[in-house]
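Structure first, commentary second.
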Amino acid sequence: MGTENSNRPNFPFRPTVTHFASPQSTTPFTSSGPVVGSEASAFRPAPPVASQFPTPPISSGSLVGLERPSFGPPPPDRSKEPVRSPPPSLSSSYGQPTAGSFQRFQTPQFPSAVQVPLAPPPRTSLVGQPVAPPPSRPPGGPISSSPVSLLPQSQLPSIPMGSPPQSMKVGQSNTNVPPPSGDSPFYPPGPRLQSSLPLPPPTGPSYMAAGGTFQPPVPGHPSTQLGSATYAPPVQAVSFSSQQGGYGPAASQAPFSAQQRGYVPTSPVLTPAGIYSRDQMQHLGVAPPMGISQGMAEDFSSLSLGSVPGSFDTGIDPETLPRPLAGDVESNSLAAMYPMNCSSRYIRLTTCGIPNSQSLASRWHLPLGAVVCPLAEAPDGEEVPIVNFATIGIIRCRRCRTYVNPHVTFTDSGRKWRCNICSLLNDVPGDYFAHLDASGKRVDLDQRPELTKGSVEFIAPAEYMVRPPMPPLYFFLIDVSISAVKSGMLEVVAQTIKSCLDNLPGFPRTQIGFITYDSTIHFYNMKSSLMQPQMMVLSDLDDIFVPLPDDLLVNLSESRNVVDAFLDSLPSMFQDNMNVESAFGPALKAAFMVMSQLGGKLLIFQNTLPSLGAGRLRLRGDDARIYGTDREHTLRIPEDPFYKQMAADFTKYQVAVNVYAFSDKYTDIASLGTLAKYTGGQVYYYPTFQSAFHKDKLRHELTRDLTRETAWESVMRIRCGKGVRFTSYHGNFMLRSTDLLALPAVDCDKAYATQLSLEETLLTMQTVYFQVALLYTSSSGERRIRVHTAAAPVVSDLGEMYRLADTGAIVSLFSRLAIEKTLSYKLEEARNAIQLRIVKALREYRNLYAVQHRLAGRMIYPESLKFLPLYGLALCKSTPLRGGYADAQLDDRCAAGYTMMALPVKKLLKLLYPNLVRIDDYLIKTSQIDKFDIISKRLPLTAESLDTRGLYIYDDGFRFVIWFGRSLSPDIARNLLGEDFAANYSKVNLSEQDNEMSRKLMRIVEKFRASDPSYYQLCHLVRQGEQPREGFFLLKNLVEDQIGGTNGYADWILQLHRQVQQNA
């Protein structure tokens, strides 16, 4: 993030062992409170994976079964051949079926090292689904025994997971199975085959497939009866080229549409007959239990981890792995259940199903909590309504202080209302009284947005103020040492501030002031009666005092001419400055003394390591010998307690600090960033800043910081229902009490995460309510309370918690926990903690279905969390957590960590898994910008996505990388870059040329920037093969590839699967 130096010696990576090997530590994430489900691991660590497909995914024990193709010629009739029984070890591990007509699936066996031909594929139904024969003939049934494989006993296939059957009973013949033919029983490794047979008309119960097509179920599983409601985790909502609900080998799989399930029954379709009925699967000892009206449907997606047809290498077809190419797609299940909830842009729960007991919560090994973005930008037409109760006063519960909201209920003919948080009956003030209609609702609901909208803003009366509302106040602390002048930073900052003066919020109340510093501190008297500002120099750094305290902070509208004159003269004032020192600490103290009367926002522009006075820092550097030791984390925490103490003082007096750091040398962002962390601020980092290349980025981000709507002198509290409480908070703020967050300034680009725990052993209510209240001063001088209220159901089933899980919120909380862990532990331990919790969650989910389904050879996961492994891998490869000494500069790590701690969910997910889009076809063929949406298809983040003849844009929300393929037409490069098309791209700036192709590229770039204005994406041009530039900007950020000893996506999945199966 920021403007990186591609010539630093951090690419190529030094050879290291994989960092995603077995966890070396089972220590859970540390935070300010307990973590739910953070018990020690129940499995032994597995050896590291060295390459993508070197070994079977299970070590020395149970190996995965051979995955079969979904289509192929039917096998010859082998009904008279003997059936081999499974080995005792596996049979006993799965348990014996209970009495009755329940039949066991074929048990997956161990692959043999002997190279023998592949076994024939399973028989297929008319709709192309494999029909799995039972291992033995049931009594009274004419079903033939399974075909005998040509492989040794250890190569029997695992049963493919799919949808449940509908009506087939044991003993009836399958009329959908075509007769055996004389075709070869071997499946040729060739192109993917599509079933040419049409689906039957919709006449029976099933599920609507994504994309409007119908997905037939797979025989062998119990069915959902007509009219029953399915309360199971939904299956894939995106089509993959794989077996239904899972992943198969590349050469044999036919693409299937994915299924989507919800709370209501969907359109029925005719399904092929199966082997087992639902009732036959409902035997004792099978969990979870099934009701009479609700069958045990196929509740999960799965990943086939078998041999690729035609080879004996264990592995996965990478094309079938799930990827978030559609971006952050939120589930709308909670909005459908509770339509009066606030939007998910304000509150996102990690799972919308709250566990009803502590024992159930302990089985949820992922973070249980929420991500809150109280001032998130709302689209036009969805602005938060403002309510003024005037003389009535704000309606609140007199016991728990909850604000009135859509979930409260009115009783006693409208004279009382019941709090939805604590259930207390409160009196309705006379001026707020309204009669109830026949349904018990107030007759004036359409005039009361606070009773119909999940988000509302109250105008606060005088009792919510401890002082008059403060004016918007901006104070600038600017480094004017030689490096700041030579880089052009000083000039760009002065010009940008001047250009923003007319747009600063709060006119005409806005206050402004300046201090500059090098080895001395410079104050500026900007009294409105002056023609030019007066400069006063303080050289005694040990005895800081403020000269003329009343004239250093001035009203902008009154002193506008003096401020303009100062900003015009500032660059030339120090253009010959040769001072290399930085008295940053003393200057910070002086700024605090000026601002402490009112509060406000302090913007720091720091270009040099602080070297004089209080808070001076030494060159700690990036000592390679410390990495891997217990002292490693000390590099990432402040060396001097001065900065944390100053941050506490700033927060107390309502001052938020934003740090703009510029340097090509070490500036100790770990220490400087503390000022932003504890004051609700932000860190902007511009390494190797040169105004010729980076001025647009600084100008845009500083402009947004100065002009975006800001909530001043804020505090935030999150309330929740009885039996539940928030235990820890994560983000940039100061915790004033156990649950009160002090936020001197808040804006739409800040989010805060919190963890939840159960106080009671068992929750008796059906719904838990959450309410976020942000008390703040608006720029216009009003004291306001923004209130967001949400409801979530209480569930008793772990599967339901998984079905309602929100990957984006989980990853957002994960990232904050992991970054905080790096401040106390080694990087490797933080990465291992992520991996450990993902493994424990997937294992727990697997155990829900281990009895009903024979799952060896398949990694199963809930549909809602299908992207979690990939985001976990991307998080481990992110700048704050990746590698070790050689993989990222220390300042880069710390700056990225401070930024990620404050990012809202969507921005964080885009940073972890950026967009990669090919654009050369559009530039050549299409003529209109609107048609770009048609071809803006995101590509997987792997080098295989890059065609040497193509032109690509990589966008992570903080920068663009434009990659020119080696074989790209020289005409395209010349049109886009002009005469510089053959030059060194590190010295070329992308600018609009006088041709249509260049104009179209610039429109694309602007379109991408407009979609996310929080940060400015600077363009970095990269030519294929140009090292180390290509590696630094692009190759090391392709998170699915094996880079620098780290796992690729496929290896990561295999490793997770191996660890899930241990002690499963």
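The values are calculated or read from the model by the stated rules, or taken from the named source; none is laboratory data. All figures in this text were calculated on a predicted structure; none of them were measured in a lab. No Cβ is skipped: glycine too gets one built from the backbone with ideal geometry, and neighbour counts run over all protein chains shown. Side chains included, ligands, DNA and RNA excluded: accessible areas come from the protein's heavy atoms. Shrake-Rupley method; radii C 1.70, N 1.55, O 1.52, S 1.80 Å.
Regarding the stretch 390-397, can at least one residue be identified that is open to solvent by 40 Å² or more (accessible area, probe 1.4 Å), among the β-branched types (Val, Ile, Thr) and in contact with a strand residue (DSSP E or B) (Cβ under 7 Å, 6 or more places away or on another chain)?
no
Give the stretch 378-389 a look and list any residue that's surrounded by 17 or more Cβ atoms within 10 Å (Cβ to Cβ) and in a loop (DSSP other than H, G, I, E, B), or say none.
Matches in the stretch 378-389: Val384, Phe389.
Between Lys1000, Lys1007, which is open to solvent by 70 Å² or more (accessible area, probe 1.4 Å), of a type outside the set (A, V, I, L, M) and touching a residue at least 24 places away in the same chain (Cβ under 8 Å)?
Going through Lys1000, Lys1007 in turn, the sole match is Lys1007.
Filtering the stretch 812-824 down to residues that are open to solvent by 10 Å² or more (accessible area, probe 1.4 Å) and touching a helix residue (DSSP H, G or I) at 6+ places or on another chain (Cβ under 6 Å), which residue is modelled with the highest pLDDT?
Ile819
Just a yes or no: is a residue in the stretch 392-407 touching a Pro at 6+ places or on another chain (Cβ under 8 Å), under 24 Å from Thr767 (Cβ atoms) and in a helix (DSSP H, G or I)?
no
Does Leu375 satisfy the condition of being under 18 Å from Ala841 (Cβ atoms), buried (at least 21 other Cβ atoms within 10 Å of the Cβ) and at pLDDT 95 or above?
Taking the combined requirement at face value, the residue does not satisfy it.
Collect the residues in the stretch 537-586 that are β-branched (Val, Ile, Thr) and under 12 Å from Ile512 (Cβ atoms), keeping them in residue-number order.
Val554, Val562, Val563
For the stretch 466-484, name all the residues that are part of a helix (DSSP H, G or I) and among the hydroxyl-bearing types (Ser, Thr, Tyr).
Of everything in the stretch 466-484, just one residue is part of a helix (DSSP H, G or I) and among the hydroxyl-bearing types (Ser, Thr, Tyr), namely Ser483.
Please go through the stretch 320-344 and give me each residue that is open to solvent by 40 Å² or more (accessible area, probe 1.4 Å), outside any loop (DSSP other than H, G, I, E, B) and modelled with pLDDT under 85, ordered by number.
Residue satisfying the conditions is Ala335 alone.
To keep it simple, each residue is scored yes or no on (1) touching a residue at least 12 places away in the same chain (Cβ under 8 Å); (2) open to solvent by less than 60 Å² (accessible area, probe 1.4 Å); (3) over 26 Å from Thr777 (Cα atoms); (4) within 34 Å of the chain's Cα centre (by Cα).
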site: Asp550; (1), (2), (3), (4): no, no, no, no
site: Asn555; (1), (2), (3), (4): yes, yes, no, no
site: Glu558; (1), (2), (3), (4): yes, no, no, no
site: Ser582; (1), (2), (3), (4): yes, yes, yes, no
site: Ile604; (1), (2), (3), (4): yes, yes, no, yes
site: Arg625; (1), (2), (3), (4): no, no, yes, yes
site: Arg636; (1), (2), (3), (4): yes, yes, yes, yes
site: Asp640; (1), (2), (3), (4): yes, yes, yes, yes
site: Ala648; (1), (2), (3), (4): yes, yes, no, yes
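Could you please find all residues in the stretch 1031-1047 being in a helix (DSSP H, G or I) and open to solvent by 10 Å² or more (accessible area, probe 1.4 Å)?
Passing the criteria: Leu1035, Lys1036, Asn1037.
Out of Ala809, Ala792, Ala745, report the one residue that is touching a Lys or Arg at 6+ places or on another chain (Cβ under 8 Å), open to solvent by less than 20 Å² (accessible area, probe 1.4 Å) and either in a strand (DSSP E or B) or farther than 26 Å from Ala676 by Cα (or both).
After ruling out the rest, the residue left standing is Ala745.
Can you tell me how many residues in the stretch 437-465 are among the charged types (D, E, K, R), within 19 Å of Leu775 (Cβ to Cβ) and not in a strand (DSSP E or B)?
3
Give the number of residues within the stretch 700-730 that are open to solvent by 10 Å² or more (accessible area, probe 1.4 Å), touching a residue at least 60 places away in the same chain (Cβ under 8 Å), within 27 Å of Ala792 (Cα to Cα) and in a strand (DSSP E or B).
Matching residues across the stretch 700-730 total 7.
Ser483 fails exactly one of the following numbered conditions: (1) open to solvent by 40 Å² or more (accessible area, probe 1.4 Å); (2) modelled with pLDDT of 95 or more; (3) farther than 17 Å from Asp705 by Cβ. What is the number of that condition?
Only one criterion is unmet by Ser483, namely (2).
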